[in-house]
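Worksheet for the structure shown next.
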Amino acid sequence: MALSEDFLVHDELHPINIVEDLAAHHEWDFDRVTEDQIAMAVEGQWRTYSLTLAWSDQDEVLRLICTFEMEPPAERMGALYDVLNRCNDMVWTGAFTFWAEQKLMVWRYGLVLAGGQIAGSEQVDQLISGAVMAAERFYPAFQLACWGDRTPEQAMQVAIAEAYGRA
């Protein structure tokens, strides 16, 4: 049975309910923070990523934030920001940013569901998988730019190939 078929029998199609069911299906650790927010941990090849998905009724947006800790040396911040720009030029959905105060690398995406649209489970699953795949794909480039004494161009050479697999 497809993931979406599970939801055809449920009356409640709240986006966070869909995320919670997917997290349970994939056996990810998760915490339903509020009715409109869920936090979970997804294991990747390089590290465990923290994901938070939140639903805004007002904006009709399901927002995904995927983070991992990173504390680059101050003298390498220019190289990190250069690599961030290069990474963002290579992706179609979402974008990376660095939250210096929290020392977090962040992948952000907002799924607009205006007009009462409903996200399907496959769509939400792809949203989560896409975030983890982006983090996995570019993690080595961030590391090389910050600690490998590589130029941004050299660091990006490890991120040219798409990451394969599924979160």
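The convex hull defined by the C-alpha atoms of the chain has an orientation-averaged projected area of 10.4 nm².
Which of the chymotrypsin sites (Phe, Trp or Tyr not before Pro) found in region 94-139 are loop residues per DSSP with 12 or fewer other Cβ atoms within 10 Å of their Cβ?
none
The residues of the chain expose on average 55 square angstrom of accessible surface per residue, using a 1.4 Å probe on protein heavy atoms. Residue separation of ASP149 and GLN37 scaled by 0.36 nm, minus their Cα-Cα distance, works out to 36.4 nm of gained length. Legend: helices of the chain (whole DSSP H runs) are marked when their alpha-carbon atoms reach 30 angstrom or more along the helix axis and their mean Kyte-Doolittle hydropathy is at least 0.0; marked are 121-147.
Keeping the other protein chains in place, figure out the carbon and sulfur percent of the accessible area of region 29-167, with a 1.4 Å probe.
Of all accessible area on region 29-167, carbon and sulfur atoms account for 48 percent.
The values are calculated or read from the model by the stated rules, or taken from the named source; none is laboratory data. Note that the structure is a prediction, hence the values are computed from the model and not measured. Cβ sites come from the backbone with ideal geometry, for glycine too, and all protein chains shown count toward neighbours. Just so you know, the surface numbers come from the protein's heavy atoms only, side chains and all, with ligands and any DNA or RNA stripped out. Shrake-Rupley method; radii C 1.70, N 1.55, O 1.52, S 1.80 Å.
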